[in-house]
Amino acid sequence: MTWIRKIIREELSKYYLLKESVDADDMKRIGKSFLNFKDSQINDFVDWINKFPTSGRAPKGKTKEFERIKEFKKYAETYKEYGLIPLSIKSSFSWLDEDYIDTLVDMFFSSGPERIDSIQIGNYKFVNDSLMSASRFKETSKQIANFLNRFTGFHKKALNGNLEIHFKSSKAMKSKAVYKGEYDQIWIRESNSRDVATDEYASLLYIIVHELAHRVERKFGLPKSFRDEDFYTTRYSRVDSLGGSECFAEIFAISFFGKGKYPQFSDKIDKFNTLTQIV
Ligand SMILES: [Zn+2]
């Protein structure tokens, strides 16, 4: 073949790839039929291997597989040019298995699952640092953004500036949600992220509000006249006898959900609302 014919053929094969959408499942099925290669399959083999691109760079981490495709293409060219079926086709395939064929096809023809790493909704930036699917990431982010949009008055201070919410894998954290002061980020454990339908005590939404109280404290400090002995509520509000961070976070969350939900703390809620109006 002259060099010009070769170039034309290469260009045409690229065009062919672009023009014709290749069905990955078909490519896998046909490819696997060559594992026990018979000479009668030679034309199917040539059609099959010519659907793979050979120009450009190998997909990341797939150099060997890409070399294999190029090797197969040479067999196809040998056949086209000399009419001989290289024995190497049969022996090459005899070393391969079905998984390998899947890998070859997936390298070029399978569109992997859609991935979205971050979404901006208003002032909130959501980051998917977990294996959560793109659709669930979008849906959960929207639900949490809607929830945050309910914040008013003093509670809204918690949303000051740009709030980042990161979904993390279960390995990365133990609790359902946590405020990471050093990064100014709320982290949510991915495995708990479905749990947005309930706002009971210690639910994910409750904990988000509690953690956002720590953000308020970090950014603005505790309200000046805040004394924890005035605001002991749940058992958890007493865990840090010094500083009162947990006490503040608990009354912040309890007052957000209100007296209807926490009638036993009505007087504390009133007191907190009065105090934070003055601040
Ligand atoms: Zn806390």
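The values are calculated or read from the model by the stated rules, or taken from the named source; none is laboratory data. These figures come from a predicted structure and were not determined experimentally. Methodologically, a virtual Cβ is constructed for each residue, glycine included, from the backbone with ideal geometry; neighbour enumeration extends over all protein chains shown.
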Within region 210-227, the residues that are small (Gly, Ala, Ser) and either touching a residue at least 40 places away in the same chain (Cβ under 8 Å) or within 15 Å of the ligand (Cβ to nearest atom) (or both) are Ala213, Ser225
I want to confirm something. Restricting to region 225-279 and keeping residues that are under 40 Å from the mean Cα position of the chain (by Cα), β-branched (Val, Ile, Thr) and in a helix (DSSP H, G or I), which single residue is surrounded by the most Cβ atoms within 10 Å (Cβ to Cβ)? Ile251
Against the condition modelled with pLDDT of 95 or more and either surrounded by 17 or more Cβ atoms within 10 Å (Cβ to Cβ) or in a helix (DSSP H, G or I) (or both), how does Phe147 come out, does it pass? yes
Restricting attention to region 108-144, report how many residues are touching a residue at least 40 places away in the same chain (Cβ under 8 Å), within 22 Å of Asn162 (Cβ to Cβ) and in a helix (DSSP H, G or I). 3
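Would you pick out the residues in region 228-251 that are more than 10 Å from the ligand (Cβ to nearest atom) and of a type in the set (S, T, N, Q)? Steps first, please.
Initially, region 228-251 is screened for residues more than 10 Å from the ligand (Cβ to nearest atom), giving 228-235, 238, 241-244, 251.
Listed by number, the residues that qualify are Thr233, Thr234, Ser241.
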Residues of region 47-91 being over 12 Å from Leu104 (Cβ atoms), surrounded by fewer than 17 Cβ atoms within 10 Å (Cβ to Cβ) and hydrophobic (A, V, I, L, M, F, W, C), in sequence order, are Leu84, Leu87
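Can you tell me which residue among Asn149, Asn128, Asn123, Asn160 is over 30 Å from Gln277 (Cα atoms) and in the same structural domain as Asp195 (by TED's automatic domain parsing)? Walk me through it before giving the result.
Details: Asn149 fails: over 30 Å from Gln277 (Cα atoms); Asn123 fails: over 30 Å from Gln277 (Cα atoms); Asn160 fails: over 30 Å from Gln277 (Cα atoms).
Selected residue: Asn128, the only one of Asn149, Asn128, Asn123, Asn160 that is over 30 Å from Gln277 (Cα atoms) and in the same structural domain as Asp195 (by TED's automatic domain parsing).
Hey, can you tell me all the residues within region 157-202 that are outside any loop (DSSP other than H, G, I, E, B) and of a type in the set (S, T, N, Q)?
Filtering region 157-202 for residues outside any loop (DSSP other than H, G, I, E, B) gives 157-159, 163-168, 177-180, 185-192.
Across region 157-202, the qualifying residues are Gln185, Ser191, Asn192.
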Exactly one condition in (1) more than 22 Å from the chain's Cα centre (by Cα); (2) part of a loop (DSSP other than H, G, I, E, B) is not met by Val105; state its number. (2)
